[in-house]
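Below is one structure; the comments refer to it alone.
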Amino acid sequence: MAMRKKTASPGFKMSRLLTGLSKVFIGKILFKKFHFIPHRPPMLVVELTNNCNLRCIMCEYPLMQRDGMNMDTQLAKKVLKECSEWGISRVGLSRLGEPLLHPDISEIIKFAKESGIRHVSMVCNAMLLTEEKAQKIIDSGLDLILFSIDAARKETFEKIRKGADYDKVVTNIERFIKMRNELSQEKPWIEVNICLMKENVDELPLIIEKWGQLVERVKICPVVPLEHTNDNLIVDAPTYNGKKKACDFLWTRMVVLSNGDVTVCCADKDGDMSVGNAQKSSLKELWNSDKIRRIREIHFSKKFEKLPLCKQCCMVDEDWFNAEKAIINKYEKEWKPFGILPSSFFS
Ligand SMILES: C[S@@+](CC[C@H](N)C(=O)[O-])C[C@H]1O[C@@H](n2cnc3c(N)ncnc32)[C@H](O)[C@@H]1O
Ligand code: SF4
Ligand code: SF4
């Protein structure tokens, strides 16, 4: 497909860099060394829906116990308004589910942008990205869209992304890129996300060859062994020696689930660590609530046995962190010269 790869203006690139990297990097040092918690999270994740049309092999969605529901549109707007007034500059609209299933997705994105949120992003599987939906998303003002592409061969793709149709996904994404490129606007920035695992590691060069010139960035994220259910999928899996550390989520994210429950954790598939509900309390109250403070204290004192979810989670495992870093470094060496970005999915 002969399509022009867009290049963002230096201003756009710089603002992305500043909103993301520097804040997170400085925050990381302050969190790790001084147990400092910022007065607001750098990013809010709003789970517009916890329904999904696929059952991917690496994802926790098939294990989720919550009832599936779309977030009430008024609740989504309430949360986004609060988020903007509080000064949170980054919002992601995907969690456990497919955001394109929400009937009001483009209206919600438009609302977020009109409320002044600087960076609004969405990760999707593109199965439902019809031409009409694509146009609405492009018109909504969305800043970044990530397409999940985990293979270059139809057979592998459909083995990983159970329920997906590879040809349809490719057609939908290519049409989206073409539509965006034909407009004289640089948004939404388009990225492809590869969840790296044993099943697709051999296809990495092919995936990059296919998408590298079409989108602004290709991201390679090692599969995360959530609740260690995916240990068998990890490329270069670690040996776990039990050394633990506090989890970065406690200062980097706040997550509003589709029913309004608020948790600090992107791995909390059932909302077990919910600290309240956004219908009843403000995000600000919840970020500083006793419940959340208790969770942070447990992490800093490393008494993880008190938190059933955290005690079995790879995010507090130093060995997993080091293994993930090693995988990222390995692929960074190989692919960075070609503009490909290996990173942790949660960075
Ligand atoms: C949970 S999905 C939600 C959005 C949408 N349904 C999709 O698949 O793009 C967001 C991203 O998480 C990735 N993902 C799922 N399970 C993962 C895991 N265990 N480790 C790392 N990334 C994972 C998916 O490949 C996808 O790119
Ligand atoms: S990765 Fe996305 S598409 Fe796949 S099951 Fe999970 S939420 Fe659904
Ligand atoms: S350790 Fe795991 S379960 Fe606990 S807050 Fe972090 S990501 Fe969530």
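The values are calculated or read from the model by the stated rules, or taken from the named source; none is laboratory data. Note that this is a predicted model, so its numbers are computed, not measured. No Cβ is skipped: glycine too gets one built from the backbone with ideal geometry, and neighbour counts run over all protein chains shown.
Per-structure values
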{"quantity": "Among residues of region 29-57, those that are among the hydrophobic types (A, V, I, L, M, F, W, C), within 16 Å of ligand 2 (Cβ to nearest atom), outside any loop (DSSP other than H, G, I, E, B) and touching a helix residue (DSSP H, G or I) at 6+ places or on another chain (Cβ under 9 Å), counted", "calculated": "1"}
{"quantity": "Residue in region 243-257 that is under 30 Å from Asp72 (Cβ atoms) and within 16 Å of ligand 2 (Cβ to nearest atom) present", "calculated": "yes"}
{"quantity": "Matching residues, region 238-255, being touching a helix residue (DSSP H, G or I) at 6+ places or on another chain (Cβ under 6 Å), farther than 15 Å from Ser289 by Cα and more than 8 Å from ligand 3 (Cβ to nearest atom)", "calculated": "Pro238, Tyr240, Asn241, Lys243, Lys244, Lys245, Ala246"}
{"quantity": "Boolean, His102 is farther than 16 Å from Asn193 by Cβ, in contact with an Asp or Glu (Cβ under 8 Å, 6 or more places away or on another chain), away from ligand 3 (no atom under 16 Å from the Cβ) and not charged (D, E, K, R)", "calculated": "no"}
{"quantity": "Some residue of region 144-160 being over 30 Å from Ile234 (Cβ atoms), at pLDDT 95 or above, more than 14 Å from ligand 1 (Cβ to nearest atom) and of a type outside the set (Ser, Thr, Tyr)", "calculated": "no"}
{"quantity": "Of all residues in region 260-280 being assigned to a strand (DSSP E or B) and over 23 Å from Met58 (Cβ atoms), the one that is farthest from ligand 3 (Cβ to nearest atom)", "calculated": "Asn277"}
{"quantity": "Some residue of region 283-305 being among the charged types (D, E, K, R), closer than 15 Å to Leu250 by Cβ and either away from ligand 3 (no atom under 16 Å from the Cβ) or modelled with pLDDT under 90 (or both)", "calculated": "yes"}
{"quantity": "Given (1) surrounded by 19 or more Cβ atoms within 10 Å (Cβ to Cβ); (2) away from ligand 1 (no atom under 16 Å from the Cβ), number of the condition Arg175 does not satisfy", "calculated": "(1)"}
{"quantity": "Members of region 326-340 found to be assigned to a helix (DSSP H, G or I) and either touching an Asp or Glu at 6+ places or on another chain (Cβ under 9 Å) or of a type in the set (Ser, Thr, Tyr) (or both), listed by number", "calculated": "Ala326, Ile327, Lys330, Tyr331"}
{"quantity": "Enumeration of residues in region 58-67 that are part of a helix (DSSP H, G or I) and more than 17 Å from the chain's Cα centre (by Cα)", "calculated": "Pro62, Leu63"}
{"quantity": "Residue list for region 306-327, filter: among the hydrophobic types (A, V, I, L, M, F, W, C) and within 12 Å of ligand 3 (Cβ to nearest atom)", "calculated": "Leu307, Leu309, Cys310, Cys313, Cys314, Met315, Val316, Trp320, Phe321"}
{"quantity": "Residue check, Ile298 touching a helix residue (DSSP H, G or I) at 6+ places or on another chain (Cβ under 8 Å) and either more than 25 Å from Ser89 (Cα to Cα) or in a helix (DSSP H, G or I) (or both)", "calculated": "yes"}
{"quantity": "Tally, over region 164-197, of residues that are within 19 Å of Cys59 (Cα to Cα) and over 21 Å from the mean Cα position of the chain (by Cα)", "calculated": "2"}
{"quantity": "Subset of region 83-95 that is in a helix (DSSP H, G or I), of a type outside the set (Ser, Thr, Tyr) and more than 24 Å from Asp272 (Cβ to Cβ) - its residue that is farthest from ligand 3 (Cβ to nearest atom)", "calculated": "Glu85"}
{"quantity": "Qualifying positions in region 239-253 - outside any loop (DSSP other than H, G, I, E, B) and either of a type in the set (Asp, Glu) or more than 19 Å from Leu226 (Cβ to Cβ) (or both)", "calculated": "Trp251"}
{"quantity": "Residue under evaluation Val218, criteria (1) closer than 27 Å to Ile149 by Cα; (2) in a loop (DSSP other than H, G, I, E, B); (3) in contact with a Leu (Cβ under 8 Å, 6 or more places away or on another chain), criterion not met", "calculated": "(2)"}
{"quantity": "Odd one out for Lys303, checked against (1) touching a Lys or Arg at 6+ places or on another chain (Cβ under 7 Å); (2) surrounded by fewer than 16 Cβ atoms within 10 Å (Cβ to Cβ)", "calculated": "(1)"}
{"quantity": "Some residue of region 68-90 being within 10 Å of ligand 2 (Cβ to nearest atom), more than 16 Å from the chain's Cα centre (by Cα) and either of a type in the set (Asp, Glu) or surrounded by fewer than 18 Cβ atoms within 10 Å (Cβ to Cβ) (or both)", "calculated": "no"}
